[in-house]
1. Counting just the residues of segment 40-60 that are free of Cβ contacts under 8 Å to residues at least 40 places away in the same chain and closer than 22 Å to residue 19 by Cβ, which one comes out surrounded by the fewest Cβ atoms within 10 Å (Cβ to Cβ)?
2. So in segment 88-99, with the set limited to residues that are surrounded by fewer than 16 Cβ atoms within 10 Å (Cβ to Cβ) and outside any loop (DSSP other than H, G, I, E, B), which one is modelled with the lowest pLDDT?
3. Please state which of the following conditions residue 160 fails to meet, knowing it meets all the rest: (1) more than 15 Å from residue 19 (Cβ to Cβ); (2) in contact with a strand residue (DSSP E or B) (Cβ under 8 Å, 6 or more places away or on another chain).
4. Scan 75, 110, 123 and give me the residue that is surrounded by fewer than 15 Cβ atoms within 10 Å (Cβ to Cβ), modelled with pLDDT of 95 or more and closer than 30 Å to residue 24 by Cβ.
5. Do we have residue 130 as closer than 23 Å to residue 70 by Cβ, in contact (Cβ under 8 Å) with a residue 12 or more places away in the chain and either crowded, with 16+ Cβ neighbours inside 10 Å or touching a strand residue (DSSP E or B) at 6+ places or on another chain (Cβ under 6 Å) (or both) here?
6. For segment 147-163, which positions are surrounded by 15 or more Cβ atoms within 10 Å (Cβ to Cβ) and modelled with pLDDT of 95 or more?
7. For segment 38-84, which residues satisfy the criterion of being closer than 17 Å to residue 142 by Cα, touching a helix residue (DSSP H, G or I) at 6+ places or on another chain (Cβ under 9 Å) and assigned to a loop (DSSP other than H, G, I, E, B)?
8. Looking at 20, 85, 102 in this structure, which one is touching a strand residue (DSSP E or B) at 6+ places or on another chain (Cβ under 6 Å) and modelled with pLDDT under 95?
C-alpha cells in the first residue's frame with residue numbers, strides 16, 4: 001500500500017497515455033523533400049499530425065509558440081521491389097512478387113515544459129508492401145494512410161507518451 005502511494009506521487013500518467021503537463025502544441029508545416037511523393041503529402045501529413053494529437057490527448061493545437069512544438073521534413077518516399085520470384089527461364093528476367101512503399105519523416109520536437117524530452121533530427125519510418133499485380137495508383141492512398149498511422153503512433157509514443 002505504501003509502495004503504491006509512493007509510486008503514484010512520482011509518475012504522471014493518464015489513461016490516454018499522455019505523460020506531459022503541457023496544455024498545447026504547435027505543429028509547423030511538414031515539407032515534402034522527396035522527388036516521388038505527391039506534392040501535397042507534406043500538408044496531408046501535417047494535418048494528420050494535428051488531428052492525431054487532438055484526438056489522442058488533451059492538448060490544443062496552436063498556430064505558433066506552443067509549449068510543445070513539432071517540425072519536420074518528409075525525407076524519403078521510395079518504391080522498391082521485394083520478394084523475388086524465379087521465372088524458371090534464363091531467357092526471362094526474374095521479377096518481384098511484391099513492391100514496398102517506404103516513407104520516412106525527420107522530426108524535431110521541442111518540449112518547453114520538460115526540455116530533456118526534446119529531440120532533434122529523429123527519423124520515423126515505416127513501410128507497406130503491395131502485390132505487383134496491383135496498380136500503384138489504385139492502392140497508393142491506402143498505403144500512405146497505413147504508413148502514416150504507424151508513424152503517428154511512433155511519434156506520439158516518442159513525444160508526449162514518452163515511451
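1. 55
2. Looking at residues that are surrounded by fewer than 16 Cβ atoms within 10 Å (Cβ to Cβ) and outside any loop (DSSP other than H, G, I, E, B), I get 95.
3. (1)
4. Every option except 123 fails the conditions.
5. no
6. Within segment 147-163, 147, 148, 150, 151, 152, 153, 154, 155, 156, 158, 159 meet the criteria.
7. Result: 38, single match.
8. Within the list 20, 85, 102, the selection yields 85.
The values are calculated or read from the model by the stated rules, or taken from the named source; none is laboratory data. Keep in mind that this is a model prediction, so the values were computed, not measured. Please note: Cβ atoms are built from the backbone with ideal geometry, for glycine as well, and neighbour counts cover all protein chains shown.
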